[in-house]
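Asker: This is the structure I want to talk about, given as structure tokens.
The values are calculated or read from the model by the stated rules, or taken from the named source; none is laboratory data. Fair warning: this is a prediction, and the values are worked out from it, not measured in the lab. Cβ coordinates were reconstructed from backbone atoms using ideal geometry, including for glycine residues, and neighbour counts include every protein chain displayed. All accessible areas refer to the heavy atoms of the entire protein, side chains included, with ligands and DNA or RNA removed. Shrake-Rupley method; radii C 1.70, N 1.55, O 1.52, S 1.80 Å.
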There are 6 protein chains.
Amino acid sequence: MLDKVDGNAGQAVVEGLRDIAPDFATYLVEFPFGDIYSRPGLDLKSREIAVVAALTALGNAAPQLKVHIGAALNVGCGKEEIIEVIMQMAVYAGFPAALNGLSAAREVFAKHANP
Amino acid sequence: MLDKVDGNAGQAVVEGLRDIAPDFATYLVEFPFGDIYSRPGLDLKSREIAVVAALTALGNAAPQLKVHIGAALNVGCGKEEIIEVIMQMAVYAGFPAALNGLSAAREVFAKHANP
Amino acid sequence: MLDKVDGNAGQAVVEGLRDIAPDFATYLVEFPFGDIYSRPGLDLKSREIAVVAALTALGNAAPQLKVHIGAALNVGCGKEEIIEVIMQMAVYAGFPAALNGLSAAREVFAKHANP
Amino acid sequence: MLDKVDGNAGQAVVEGLRDIAPDFATYLVEFPFGDIYSRPGLDLKSREIAVVAALTALGNAAPQLKVHIGAALNVGCGKEEIIEVIMQMAVYAGFPAALNGLSAAREVFAKHANP
Amino acid sequence: MLDKVDGNAGQAVVEGLRDIAPDFATYLVEFPFGDIYSRPGLDLKSREIAVVAALTALGNAAPQLKVHIGAALNVGCGKEEIIEVIMQMAVYAGFPAALNGLSAAREVFAKHANP
Amino acid sequence: MLDKVDGNAGQAVVEGLRDIAPDFATYLVEFPFGDIYSRPGLDLKSREIAVVAALTALGNAAPQLKVHIGAALNVGCGKEEIIEVIMQMAVYAGFPAALNGLSAAREVFAKHANP
């Protein structure tokens, strides 16, 4: 599930934890990806829309927002849909949050080949 | 659009502003609902999933979270989908945010007849 | 300075701390009011505009927001100016923050006689 | 572990989830209490100090802050220590966060018999 | 209004959106600057004091805080007044928020010639 | 007290304020370190656990989090204890906050020789 959603970015996060908090890598795989993402009640596309929205609104976790913009592309969200989600956050968390979300999206999109 | 998404709750918010900030009611109709919700690039169901996720994660706007849990039901989200979105926020904003979101959902669901 | 800015509300806060954290009442008088508010570089009206803006944007300290909307009235801000500050926060912290700020203002204004 | 830390309050949270999100009750027991609290690297008193500090600083999860002020008492923190932790948050998250944390502590202390 | 308040920084933000979210540039000009800043009930200096306070307190939008510290200078705030606003946020959002706001101010002031 | 807790990092913060806000350096020494840290009701180790927890959870003050991870080491916290505090914040503020806290810890630990 981690591979399917986050691709290489997810593996990089897990690898990066091996030296400092290896058990946390286990929790990260087990709870979010094993328990939550695998649940049948919501499709993966909707799950990533929810995460991109939340991290854009919180505005204090740029690395994870970028991983999940990439994950949204991986599970089938179009770039236009992602932009719409981020723009909508201007209404609920203010224009600065949306502007910084759009900057993150521009950076992630530049590294992805899919249109 | 306001009626379609928020139903009576949206009208109540607009009416409540008439005495203290009538122009703000106009902005609320024009920018979020006129400009953003009407855009074709994302369906209304996904838009409400994004809002429920963001307001659950922020955790500081309970009245608006309840309005949008109701709005999610209005535009076709199932109760199970809404619960999944809120539960997922435990991963991104912590268990307290998700627990308080679930309390809001219980309250809103109790007032809605649809299964 | 506490009396001038917050009036009875400030005294009530200080009194309320006597049983549980009396030293904190001392710090509250000394640092914010003794050190900060007394500084000559910014007038009290601008100071209260800054506080109302910040507490509206943060959205997680409703009791203190109400005290400072009252304080803004006490130091000479007009109701219209306070409403403008709160409305403007929709741009920087989202519409829910502004809506909840306006609710706080309505409640405080109802208790104040000055026009 | 849930019983030891949260006592009846923890059981009440778990019971309250049975109707709306029963699996979330399972996650709540498994990840925070099964995985995290049981780890040997930090004593329970320090864990509760960390939680009371974090929830006071975040300022958007009052019900959970109260549960954990009670939990801090349950695992051996003195009332004075809890007050010190909350007061210290004035430095890192502002006086309103600390004042609201002190109000929560007053309410919880009133229900606990231990000195 | 955008030019008057934000100067070149505002134009740069709008230009930067042309490739990824051109409609958002339109909304940014229309709602905050067309609707809000142009309202007569609050002078521009007070509006920028409110924004600098809010963005300092939120602490999660450094690029926009810098734009608005510059905007505050553009509409006639003195450097001392801006420093006072940011320092005051230590009381309402904690010392870290104020320290990071002061760092932003130092950076912006270094690029501005006016005393 | 500032030297004892923060070591060189604290002095650097104070020095950095001399040009832009010298009085704020005074407040920083007087209120947090003079008033709060010197209080007898809570040991310094517990105080730093509280601060590391709060700044990890808030997620918007990376420079100060790093200073206080160093301060925690200075007053006798073990690296394992600090990692446990940060990991625990995944429960209360989400996995992104904990992941970013762990990155901060890795950076600080690399500069400290003590095991």
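Asker: Would you mind stating whether residue C:105 is crowded, with 18+ Cβ neighbours inside 10 Å and either in contact with a Leu (Cβ under 8 Å, 6 or more places away or on another chain) or charged (D, E, K, R) (or both)?
Answerer: Answer is no for this residue.
Asker: Restricting attention to segment E:58-115, which residues are touching a residue at least 12 places away in the same chain (Cβ under 8 Å), more than 11 Å from the chain's Cα centre (by Cα) and not in a helix (DSSP H, G or I)?
Answerer: E:59, E:76, E:77, E:112, E:114, E:115 - these are the residues of segment E:58-115 that are touching a residue at least 12 places away in the same chain (Cβ under 8 Å), more than 11 Å from the chain's Cα centre (by Cα) and not in a helix (DSSP H, G or I).
Asker: Another question about this same structure. Quick check on my filter: what residues within segment F:79-115 are more than 26 Å from residue B:54 (Cα to Cα) and facing chain A (nearest Cβ under 8 Å)?
Answerer: F:83, F:105, F:106, F:109, listed by residue number.
Asker: On to the next question. Can residue C:38 be described as among the polar types (S, T, N, Q), surrounded by 16 or more Cβ atoms within 10 Å (Cβ to Cβ) and over 22 Å from residue D:108 (Cβ atoms)?
Answerer: For residue C:38, the condition - among the polar types (S, T, N, Q), surrounded by 16 or more Cβ atoms within 10 Å (Cβ to Cβ) and over 22 Å from residue D:108 (Cβ atoms) - is not met.
Asker: Within segment B:5-21, how many residues are part of a helix (DSSP H, G or I) and open to solvent by less than 20 Å² (accessible area, probe 1.4 Å)? Before the answer, list the steps.
Answerer: Here is the first cut: in segment B:5-21, the ones part of a helix (DSSP H, G or I) are B:5-6, B:8-17.
This time we only want the ones that are open to solvent by less than 20 Å² (accessible area, probe 1.4 Å), so: B:5-6, B:10, B:14, B:17.
So the answer is 5.
Asker: Please determine, by comparing only the residues of segment D:22-35 that are within 11 Å of chain F (Cβ to nearest Cβ) and open to solvent by 10 Å² or more (accessible area, probe 1.4 Å), which one is nearest to residue A:34 (Cα to Cα).
Answerer: Only one residue fits best here, namely D:27.
Asker: Of the conditions (1) surrounded by fewer than 19 Cβ atoms within 10 Å (Cβ to Cβ); (2) modelled with pLDDT under 95, residue C:63 satisfies every one except a single condition; which number is it?
Answerer: (2)
Asker: Anything in segment B:55-79 that is closer than 30 Å to residue A:24 by Cβ and of a type outside the set (S, T, N, Q)? List them, or say none. Break it down into steps so the answer makes sense when it comes.
Answerer: Our first condition is that a residue be closer than 30 Å to residue A:24 by Cβ; within segment B:55-79, this holds for B:55-60, B:65.
If the condition is that a residue be closer than 30 Å to residue A:24 by Cβ and of a type outside the set (S, T, N, Q), then B:55, B:57, B:58, B:59, B:65 are the ones that fit.
Asker: Right, here's the next one. Determine whether segment C:12-27 contains at least one residue that is within 26 Å of residue C:98 (Cα to Cα) and either in contact (Cβ under 8 Å) with a residue 24 or more places away in the chain or over 12 Å from the mean Cα position of the chain (by Cα) (or both).
Answerer: Yes: one or more hits.
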